[in-house]
Amino acid sequence: MLEVIDGASRSSVEYKFLRKDGSTFTGLVYVSPIIRQVSAVGIRGAAIDITDRIKAIEELQKTKDYLLQSEKLAAIGRLAAGVAHEILNPVNIISLALQILMKGSEISSKAKQEMTICIGADQSYRYHRR
């Protein structure tokens with residue numbers, strides 16, 4: 001308010017106010033000079049309760065934070081899906097090659113057993129992924 005007395009055209013400042021019931025509220029005080037001829041002879045002002053505005057700004061910030069967190073989680077989900085896809089492509093090729101090898105080649109029973117385990121692991125992965 002002193003800047004208005006010193007010649008500023010207007011000023012606004014936030015203050016905490018006390019109501020008659022003892023509760024407090026945040027108010028914005030607007031002040032402008034009363035000018036007679038060429039000099040300021042006083043000041044006039046108004047106080048506006050901005051409690052609801054402050055609550056709305058805080059709620060908006062919470063919503064922005066929640067949205068940002070949701071976007072981060074969505075990005076992590078897309079990244080995980082991409083990684084799973086990159087891992088699954090070679091696994092599919094290996095599984096198919098093992099199946100072809102088992103059907104067309106003379107291989108030992110031990111090798112066949114190991115190949116069956118590998119193919120079963122791939123199929124188990126596919127089942128649990130759905």
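Other residues within the sphere of radius under 13 Å centred on the Cβ of Ser23, judged by their own Cβ, net out at +1 (K and R +1, D and E -1). A straight Cα-to-Cα reach below 23 Å connects Lys72 with the lysines Lys62, Lys64, residues fewer than 8 places away in its own chain not being considered. Amide hydrogen proximity for Ile50: with H placed 1.01 Å from N in the peptide plane, the residues at 5 or more positions away or on another chain lying under 5 Å are Thr26, Gly27, Leu28.
All of the numbers you see were taken from the coordinates with simple rules; none came from a lab. Please read all numbers here as calculations on a predicted model, not as lab measurements. Positions of Cβ are backbone-derived with ideal geometry, glycine not excepted, and every protein chain shown enters the neighbour counts.
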